[in-house]
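The values are calculated or read from the model by the stated rules, or taken from the named source; none is laboratory data. Given the structure is predicted, the values throughout are model-derived calculations rather than measurements. For neighbour counting, all protein chains shown are included, and Cβ atoms are generated from backbone atoms with ideal geometry for every residue, glycine included. Keep in mind that these areas ignore ligands, DNA and RNA; they rest on the heavy atoms of the full protein, side chains included. Shrake-Rupley method; radii C 1.70, N 1.55, O 1.52, S 1.80 Å.
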Amino acid sequence: MSSNSGIQIPSRLPLLCTHDGVLLPGSTMRISVDTARNMQLVKSRLLKGTSLKSTIIGVIPNTRDPEHDSDELPSLHSISKPDFDAVLVGSSLGFNTRIGTAGLAVQVVGSNWPKPHYTLLITGLCRFRVTQLLRERPFPVAEVGQLDKLEQYTEGDQADGELGELSLRFHQAAVQLVGMLDMSVPVVAKLRRLLDSLPRETLPDVLASMIRTSNKEKLQVLDAVDLEERFKKALPLLTRQIEGLKLLQKTRKRRPDDDKRVLAIRKGGVFPGRQFSLDEEAEDEDGDDTAMLEKKVKAAAMPEAALRVCLKELKRLKKMPQSMPEYALTRNYLEMMVELPWSKSTTDCLDIRAARVLLDNDHYAMEKLKRRVLEYLAVRQLKSTLKGPILCFVGPPGVGKTSVGRSIARTLGREFHRIALGGVCDQSDIRGHRRTYVGSMPGRIINGLKTAGVNNPVFLFDEVDKLGKSLQGDPAAALLEVLDPEQNHSFTDHYLNVPFDLSQVLFIATANTTATIPPALLDRMEVLQVSGYTQEEKVEIAHRLTWRTEGYTREAGVRSLERKIGAICRAVAVKVAEGHKVSRAESPTEQHNTENKEEDSGIASPPEMPIVIDHIALKDILGPPVFEMEVSERLTLPGVAIGLAWTPMGGEIMFVEASRMEGEGQLTLTGQLGDVMKESAHLAISWLRSNAKTYLLTNGSADPLEGTDIHLHFPAGAVTKDGPSAGVTIVTCLASLLSGRLVRSDVAMTGEITLRGLVLPVGGIKDKVLAAHRANLKRVIVPKRNEKDLEEIPAHVRADLDFVFASTLDEVLKAAFDGGFPAAVSHPQVVSKL
């Protein structure tokens, strides 16, 4: 260890190269560490060290452009001798000086945002000179020699010689600088007292680190090892600062009505708690901006609670220097508050006839949804203070749930804002982040109101059934307050921390299924089922197409139909673009002029003859039909029946196949079946075995399964299937297998069964019936208690189908087989052409 002026530093120091500035002895500076070697120094030396010695490091400034610096160091084999060239040292270490400052690390803070880094609080102790670089990995370590061998002089010596004169002049200038500040500020008064207690030889470093200077000027002070030279380098900088303050005071006297300039005093430290930093900020438009912001706050027509909070934050903002990080946070908060539509709203268009025409033009079918909107408009005519309803459109993809919400906004004359909730798993997306967090912002509700600019827009919560849940909270639970008419009049976003009235907002949610929506959230919404389109409705939506589309699309919505029509239009466009040749004999000149005209316009001429799209052209463009109606082909053997299933994508037909072989009476089930469907299969087997004699299924034996194994399979084995509605289909399939009779190829069925042969009601009847209609089936067997659900089915679909309303399995079997099925009970009730 070397000893000098009461400060001792180790003879070997790890070196920290910094771009953040120049650390001078007696000053304190925060240094950001993010390069590999500097990070390794912090981990190995500062975080793992236990002694005071381990917290002392060498800080060397780097005046190069940080964008062109590299953390990699070249080989050091050529600079192992003590007396090496300074330029060689600088090149090796990535800096161009070998004089640095030994510093004491008083604080180390780590963070992973926006990337892993450390922030060090370093207090400068003394200068040192690099004499030999000992190693470069994992971080540089050098042998150093302590500088700052300061000459201690008495008060009498200060008056003699150039050094004494310089120190006296510098001390007087420092006192003058501090005297120009407001002495009523406690930190300024403390700085004035420190000037008398600090050693004169420390003043150049201390003042140079406090006043406004460039890194280059600070580096010149750092390189001034000789004390006299150091005073000469620092005195002009101090004088320049004094002249700037004088000019500022003159300007303020000439313009007494202007806002006062801010003179910010940053706390620093000679050693911890003993040094301060002065940073004069030039007067700008901040005063005018604050006044303008105050006018906006008062003109925003906020509720009393919000106004009180804004005025309090505005008062804090006026007292806050711009250099404080909290200044920008407070200003952003106030700007958000004044931009919110506290009292701005649009007037609803309550013309029922105009609304009906607009809805009919935008969407074909969907009568139930359009009727509900018209009912809302009618009630609003009678009661202007009606709260907005909370609707939930549930249906397959592509049926127009989102576009209906947009049309409702147009009909009402309101602003429309869509919020996609699919995959959202953080409750802060709904409620916002508290302002104590870095990067805090309001939730999507408040941001949507800001975007819409009014307090009564139409909000569409898309895919509300696909909300997630994580450690960051449950967004579905956060929506409970938003979608509750008794609570949303005082919705409190965490960022605003004041209530906002959402009662005038018309909330619409969309979902594919209600199964994944929490019951408490589902209870707050009015659910409107949006079923799939019929084939006729799709043709109408496709502008009355003259070709059949069922071979290329089989969906509840119209997205695939739109893509197929787009493919046809693109094919026609290619034909038009390629076929703009002349259709009559023209002279070379006329043909050349025509070609030039077409090239200039960039648009191909229309063909002379219309392009006809028939079934042949359809096959050429789209290829062979993707969905062949295979119903009749699949029912050519006993043991096959057609069921109806509901999925979030709409209704589907479902084949059930059974086969028998010699065995021990076991039942095998395949096709990705759930527990409920497996139980339905066992119920069907038990019922048929108990009624085998009644339906002549014994074949000479009391048990039809004696010496026989049954294999029941549901095709599309990759798709998981579950639910009770396949019960009647399984019974029919097994009855066909055991009797050897074919099930009618034009019949489909759905219904839950009991062990005593009753048929219970099921859900999704409309989607299931539409699926049967799309498959060109003619008869549909549904539970008797589902008869009321047929009212929602379009009239032309009911006219194309024969419905059998069955209350027992006997009625189901009678309707599923040609000529009925052997039984001792009455025939089923058949209602044709409803």
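Summary of values
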item	result
Sulfur and carbon atoms: percent of accessible area, the stretch 304-359 [1.4 Å]	55 percent
For T808, solvent-accessible area (1.4 Å; no DNA, RNA or ligand), Å²	40 Å²
Extension gain from Q472 to N361, taking 0.36 nm per residue of separation minus the Cα-Cα distance	35.6 nm
Computed over the stretch 310-380: relative contact order in percent, which uses C-alpha pairs under 8 Å that are six or more apart	26 percent
Förster-model FRET efficiency, 60 Å R0, L755 and K619, C-beta, rounded to 0.05	0.75
Largest-first ordering by accessible area, 1.4 Å probe, given options K344, K466	K344, K466
Computed lengthening from K312 to T694, 0.36 nm per intervening residue step minus Cα-Cα distance	128.9 nm
Sequence ranges 119-127, 231-239, ranked by mean other-Cβ count within 10 angstrom, highest first	119-127, 231-239
Gyration tensor verdict on the stretch 640-816 (Cα atoms; rounded if a/c is under 1.5, prolate if a/b is larger than b/c, oblate otherwise)	prolate
Sequence-distant residues sharing a close amide H with R135 (under 5 Å, placed H)	V141
Pairwise FRET efficiency - V185 versus V108, Cβ, R0 = 30 Å, nearest 0.05	0.45
Whole-Å distance, taken between Cα centres, linking the stretch 682-717 and the stretch 376-427	52 Å
Cross-link table K344/K387; K469/K678; K370/K766; K190/K319, entries beyond 24 Å C-alpha to C-alpha	K469/K678
Relative packing of 761-767, 779-785, which averages over residues the other C-beta atoms within 10 Å, highest first	779-785, 761-767
Average accessible surface area per residue within the stretch 640-816, 1.4 Å rolling probe, Å²	40 Å²
Over 19 Å [Cα-Cα, the stretch 350-438], rounded percent	50 percent
Sequence of W687, W646 when ordered by accessible area, the most exposed leading, probe 1.4 angstrom	W646, W687
Inter-centroid distance (Cα atoms) of the stretch 186-241 relative to the stretch 472-499, Å	56 Å
